[in-house]
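For reference, the structure is listed below as structure tokens.
FYI, it's all coordinate maths here, none of it is from the lab. Remember, predicted model here, so these are calculated numbers, not experimental data. Quick reminder, even Gly has a Cβ in these numbers, built from the backbone with ideal geometry, and neighbours come from all protein chains shown.
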Amino acid sequence: GAGVSQTPSNKVTEKGKYVELRCDPISGHTALYWYRQSLGQGPEFLIYFQGTGAADDSGLPNDRFFAVRPEGSVSTLKIQRTERGDSAVYLCASSVPYGGQDTQYFGPGTRLTVL
Amino acid sequence: AQSVAQPEDQVNVAEGNPLTVKCTYSVSGNPYLFWYVQYPNRGLQFLLKYITGDNLVKGSYGFEAEFNKSQTSFHLKKPSALVSDSALYFCAVRPRGSGGYQKVTFGTGTKLQVIP
């Protein structure tokens, strides 16, 4: 079946611009996660959705970052006033929650470059 | 706070030899433990996880991992390495919560290079 998809695969923007990154999870997965992966690092948690609501957004670095999942499926990560330090690969994952045992399945990521 | 350590940035092994990629963790209580592999310009692919029971967990592509509670380790192993195993490997830990969401924390990754 179809896995997690993310668009665009690459995004180049200028400092100060607004960007949106999209994630389409595996069908039926109610849990959705966003991570940020910087060069040479592991994925760093940003936000977790259970259904339509953000159950944990403690990983969002500041108020320039925001994410939505209005219908409990597709999610959009929004970054305002981008900074060069936002350059990273943004990964999305989804799962069927099962008391923490659930396996998160990752998309291919969006590589964001802020010039 | 939970943490994961992958002490080796890179592991080199000859094709056909056994491989080990090390992982140690720090977390309150008993954790769930995961290994993922990442190929260039790809997302993370799930390899295996430890939930409970047998300390030796078998996963995809012939990989296995051994949970050692006393050493708080979860090393990834394979009896015979293939060149195609060359990739970046991530260990991850998730605390067992009494209820509610628990975050997954990833290590910094170990690059495995299998030499023909």
Q) Computed over the Cα atoms of chain A, what is the ratio Rg over Rh, Rh following Kirkwood? A) 0.95
Q | Percent of Cα-Cα distances greater than 15 Å, calculated over the stretch A:35-95 | A | 50
Q | the protein assembly as shown: Lys pairs at Cα distance under 19 angstrom, eight or more positions apart or on different chains | A | 20
Q) Hey, what does the equivalent ellipsoid look like for the stretch B:20-108, semi-axes from the Cα gyration tensor as sqrt of 5 times each eigenvalue, largest first, whole Å? A) 22, 15, 11
**Q.** For the protein assembly as shown, convex hull volume per residue from C-alpha positions, Å³
**A.** 127
(Q) So for chain A, averaging the separation of alpha carbon pairs under 8 Å that are six or more residues apart and normalising by length, what relative contact order in percent results? (A) 37
(Q) Which one, A:Pro70, A:Gly107, A:Tyr48, is farthest towards the positive end of the dipole of the protein assembly as shown when Lys and Arg carry +1 and Asp and Glu -1 on their Cβ? (A) A:Pro70
Q: Count, for each residue of A:102-114, the Cβ atoms from other chains sitting within 10 Å of its Cβ, then give me the mean as a whole number.
A: 3
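Express as a percent, rounded to the nearest 5, the fraction of DSSP beta bridges in chain B (both residues included) that run antiparallel. Each step should come with its number before you reach the end.
Numbers: 34 of 39 bridges.
Around 85 percent of the beta bridges assigned by DSSP in chain B are antiparallel ones.
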Q | Phi-based couplings in Hz for the stretch B:32-43 (Karplus 6.51, -1.76, 1.60; Gly and Pro marked x) | A | 8, 10, 9, 10, 10, 10, 10, 8, x, 6, 10, x
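By per-residue mean of other Cβ atoms within 10 Å, what is the highest-first order of A:81-88, B:53-60? Spell out each step's value before the answer.
Numbers: A:81-88: 15.0, B:53-60: 12.6.
Result, highest mean first: A:81-88, B:53-60.
Could you work out the mean count of beta carbons from other protein chains within 10 Å of each residue's beta carbon in A:93-100? Intermediate results must be reported in sequence, preceding the final value.
Values: counts 5, 0, 1, 0, 1, 1, 7, 12.
The per-residue average across the peptide is 3.
Sequence gap at least 6, Cα distance under 8 Å: using those rules, report the relative contact order of chain B to the nearest whole percent. Intermediate values should be presented prior to the final figure.
On the way: 290 pairs, mean separation 42.8, N = 116.
With pairs under 8 Å counted, the relative contact order is 37 percent.
Which whole number gives the average, over all residues in B:12-21, of C-beta atoms from other chains lying within 10 Å of the residue C-beta?
0
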Q) Seen from all sides and averaged, what is the projected area of the convex hull of the Cα atoms in the stretch B:62-116, in nm²? A) 5.2
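For the stretch B:35-101, what relative contact order do you get, as a whole percent, if you take Cα pairs closer than 8 Å and at least 6 residues apart? Walk me through the numbers on the way to the answer.
Values: 83 pairs, mean separation 20.5, N = 67.
Reported as a whole number, the value is 31 percent.
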Q.
To check you understand DSSP bridge types, tell me what percent of the beta bridges within chain A (both residues inside) are antiparallel, rounded to 5.
A. 90
